[in-house]
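Undergrad: I'd like to ask some things about the structure below.
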Amino acid sequence: MSESSISSVPGATSMSSLVDLLGKYQSRIAEYVCVAHRQWASVISRIARQQAAALADFPDEQVWTFLIACGYAMAGGPGVSALARQLTESHPRVDTATKIWFEGLPVPPRKKEGLTHLDLALGSIVRRGSTQSGIALDPVEGAWICFCEMKWYSDVQPTVTNDMQRNQLPRVIENALCFQHTGEYAETVHVTLVTPAVFRDAVARSRLYQYKFDEYKRDGDSILRDLEASRLEHRSQRDWVYPPDIAQRIRNLSLHWATYDDLFENLPYSPISQDIGAFWRGFGNYQGRA
């Protein structure tokens, strides 16, 4: 395994120091991870409680997602690049403006639909107005985005409040396709599902997202059919426009399926990677993990 991998670092330090290390390097992490203060405090407290409880199977996908963001951010720009490569299966342009957004909130594309809390997002993204977590497109040349839906044991929600036929995966996809800055859209759109490896590699299927992901990968027209089947009206306002040709936008879309396993095992070396790796090895023992 490469020198930059966490597993190549001998003698991983005690997990008891992880919360302290995250606090010590919070300012450095914040250079590359955008997270609201209340969310930071909430996740840190759950990490502390988990270390005290020491349950081997820790199913808090938000904590795992947060640790991935912090682990790659601690390596600076190269770390963000490494995360982008794994999530998009490509080499998108990453510069000093490229951040990792934790629980970002894009403008919803449908009326009567609340804000979608994106588990993780990165690319050509800027803060929306004076909000803490609102996001909008940075309309640079060659703009790209990657929106991630992270699942541990939970499935995608099969419905939304005002549309019993609209499940969570096409909702995230539509948010990515419609993500914009005053009618300007991302040139390249990635949507990535992130789960434990056992669900991606399973022969037996137990999750709705396993079926929908395969369907969408095989046939892009099925995405269009699901979007057009929604009973919710398109949002339209002065500075936000639903794409006039959503079918064309779908042709800019790439779908990916990454795993927590790979993301943790390929963390770049940093002052906190040993402790994050120890936390993963100690508490990420989900059912079915090899």
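Undergrad: Give the range 258-270 a look and list any residue that's crowded, with 18+ Cβ neighbours inside 10 Å and either farther than 18 Å from Phe58 by Cβ or of a type outside the set (A, V, I, L, M) (or both), or say none.
TA: Narrowing the range 258-270 to residues crowded, with 18+ Cβ neighbours inside 10 Å: 258-261, 263-264, 266-270.
Selection gives Ala258, Thr259, Tyr260, Asp261, Phe264, Asn266, Pro268, Tyr269, Ser270.
Undergrad: Okay, next question. For the range 125-148, does any single residue satisfy the condition of being under 23 Å from Leu253 (Cβ atoms), under 14 Å from the mean Cα position of the chain (by Cα) and of a type outside the set (A, V, I, L, M, F, W, C)?
TA: Taking every residue of the range 125-148 in turn, none turns out to be under 23 Å from Leu253 (Cβ atoms), under 14 Å from the mean Cα position of the chain (by Cα) and of a type outside the set (A, V, I, L, M, F, W, C).
Quick grid of which residues meet (1) modelled with pLDDT under 95; (2) in contact with a Pro (Cβ under 8 Å, 6 or more places away or on another chain); (3) within 24 Å of Thr98 (Cβ to Cβ):
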{"position": "Gly23", "(1), (2), (3)": "no, no, no"}
{"position": "Arg28", "(1), (2), (3)": "no, no, yes"}
{"position": "Tyr32", "(1), (2), (3)": "no, no, yes"}
{"position": "Ala36", "(1), (2), (3)": "yes, no, yes"}
{"position": "Ser42", "(1), (2), (3)": "no, no, no"}
{"position": "Ser45", "(1), (2), (3)": "no, no, no"}
{"position": "Ala53", "(1), (2), (3)": "yes, no, no"}
{"position": "Ala56", "(1), (2), (3)": "yes, no, no"}
{"position": "Phe66", "(1), (2), (3)": "no, no, yes"}
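Undergrad: Those residues that are within 15 Å of Pro170 (Cα to Cα), touching a strand residue (DSSP E or B) at 6+ places or on another chain (Cβ under 6 Å) and surrounded by 16 or more Cβ atoms within 10 Å (Cβ to Cβ), I need them from the range 217-247; list them, please.
TA: Ser230, Leu232
Undergrad: For the range 262-290, how many residues are part of a loop (DSSP other than H, G, I, E, B) and aromatic (Phe, Trp, Tyr)?
TA: Initial filter on the range 262-290 (part of a loop (DSSP other than H, G, I, E, B)): 266-272, 285-290.
After this cut, where a residue has to be aromatic (Phe, Trp, Tyr) as well, the list is 269, 286.
Going through the range 262-290 one residue at a time, the tally reaches 2.
Let's see how each residue does on (1) among the aromatic types (Phe, Trp, Tyr); (2) closer than 20 Å to Glu31 by Cα; (3) in contact with a Leu (Cβ under 8 Å, 6 or more places away or on another chain):
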{"residue": "Glu61", "(1), (2), (3)": "no, no, no"}
{"residue": "Val80", "(1), (2), (3)": "no, yes, yes"}
{"residue": "Gln86", "(1), (2), (3)": "no, no, yes"}
{"residue": "Arg93", "(1), (2), (3)": "no, yes, no"}
{"residue": "Leu105", "(1), (2), (3)": "no, yes, yes"}
{"residue": "Pro108", "(1), (2), (3)": "no, no, yes"}
{"residue": "Leu118", "(1), (2), (3)": "no, yes, yes"}
{"residue": "Ala121", "(1), (2), (3)": "no, yes, no"}
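Undergrad: While we're looking at this one, here's another question. Provide a single number: the residues in the range 166-198 that are under 13 Å from Lys212 (Cα atoms) and in a loop (DSSP other than H, G, I, E, B).
TA: Summing the residues that are under 13 Å from Lys212 (Cα atoms) and in a loop (DSSP other than H, G, I, E, B) in the range 166-198 gives 2.
Undergrad: Which members of the range 243-260 meet the condition of being over 17 Å from Glu187 (Cβ atoms) and of a type in the set (Ser, Thr, Tyr)?
TA: Residues satisfying the conditions are Thr259, Tyr260.
Undergrad: Considering the range 199-213 alone, what residues qualify as being part of a helix (DSSP H, G or I) and surrounded by fewer than 14 Cβ atoms within 10 Å (Cβ to Cβ)?
TA: Here is the first cut: in the range 199-213, the residues part of a helix (DSSP H, G or I) are 199-200, 208-213.
Correct list: Tyr211 only.
Undergrad: Quick one: what pairs do we get from the range 256-272, first residue under 19 Å from Asp214 (Cα atoms) and in contact (Cβ under 8 Å) with a residue 12 or more places away in the chain, second assigned to a loop (DSSP other than H, G, I, E, B) and of a type in the set (Asp, Glu), C-beta under 8 Å, 6+ apart or different chains?
TA: That search, which allows pairs on different chains as well, returns His256/Glu89.
Undergrad: Here's a follow-up. Hey, among Leu255, Leu227, which residue is more than 17 Å from Leu18 (Cβ to Cβ), modelled with pLDDT of 95 or more, part of a helix (DSSP H, G or I) and not basic (Lys, Arg)? Walk me through it before giving the result.
TA: Details: Leu255 fails: part of a helix (DSSP H, G or I).
It is Leu227.
Undergrad: Working only within the range 80-97, note down all residues that are in contact (Cβ under 8 Å) with a residue 60 or more places away in the chain, assigned to a loop (DSSP other than H, G, I, E, B) and not acidic (Asp, Glu). Working first, answer last.
TA: Step one: of the range 80-97, the residues in contact (Cβ under 8 Å) with a residue 60 or more places away in the chain are 82-84, 86-90, 92.
Narrowing further to those that are assigned to a loop (DSSP other than H, G, I, E, B): 89-90, 92.
Matches in the range 80-97: Ser90, Pro92.
The values are calculated or read from the model by the stated rules, or taken from the named source; none is laboratory data. The structure displayed is predicted, hence computed values, not measured ones. All Cβ positions, glycine included, derive from the backbone under ideal geometry; neighbour counts span all protein chains shown.
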